[in-house]
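Student: Pasting in a structure now, in structure tokens, and then I'll have a few things to ask.
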Amino acid sequence: MKIAARKNSSLDEQRRYRRQYDRDRSPALRSAFPQLQQLNIELSFGDRTGAAPKEVVPSSQSHAFYPPAQAFFRFRCPCADCDGEFDLSANVAQLAGTPGRGSRTVTAKVHCAGTRARDRATGTTCPIELNYRIVALGTP
Ligand SMILES: [Zn+2]
């Protein structure tokens, strides 16, 4: 049991290291999307099974990106023991590529595809669902 726990934490460490590595190698927003002045990403979470008590549902997050920020749009599942992440890179790219000026918004819902540590034996997927809102503000 002790060994298994240690194995898990080192896997988590590797994952964290990998994310940090990927983040460090991300270009700045101003070079990835020079047409953007600002990008806001709002994340709110729900439990699609309805099994978790309300207080267990993670609180929402808001991220603002300015031109010098790193264009890194992968967000960890807020469940501490879940290995899932939400990759919004393609959604951001699509929104940024939408022609037109001013602000553009996209909202959608995605399910976490990760597995929580306690569910790894059964392979049950994480019950968290993400509602996201991306607002891209173009340069005037
Ligand atoms: Zn998850």
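Rule-based calculations on the coordinates, nothing more; no lab input. Because the structure is predicted, anything quoted here is derived from the model rather than measured. Using ideal geometry, Cβ is built from the backbone for each residue, glycine included, and neighbour counts are taken over all protein chains shown.
Student: Note the full-extension length gain between residue 137 and residue 109 as 0.36 nm times their separation in residues minus their Cα-Cα distance, in nm to one decimal.
Tutor: 8.0 nm
Student: Would you please give the residues with an amide H less than 5 Å from that of residue 69, counting only those at least 5 places away or on a separate chain, with H modeled from the backbone geometry?
Tutor: 29, 30
Student: If you don't mind, there's one more thing I want to ask. I'd like the distance separating the alpha-carbon centroids of region 88-106 and region 12-79, in whole Å.
Tutor: 16
Student: How many nm is it between the label spots at residue 21 and residue 121, if each spot is 7 Å from the Cα in line with the beta carbon?
Tutor: 3.2
Student: Right, next: Suppose a student asked you for the relative contact order of the chain, using Cα pairs under 8 Å spaced at least 6 residues apart; what percent would you report?
Tutor: Computed over the chain, the figure is 29 percent.
Student: Along each of its three principal axes, how wide is the spread of alpha-carbon positions in the chain, in whole angstrom units, largest first?
Tutor: 58, 33, 21
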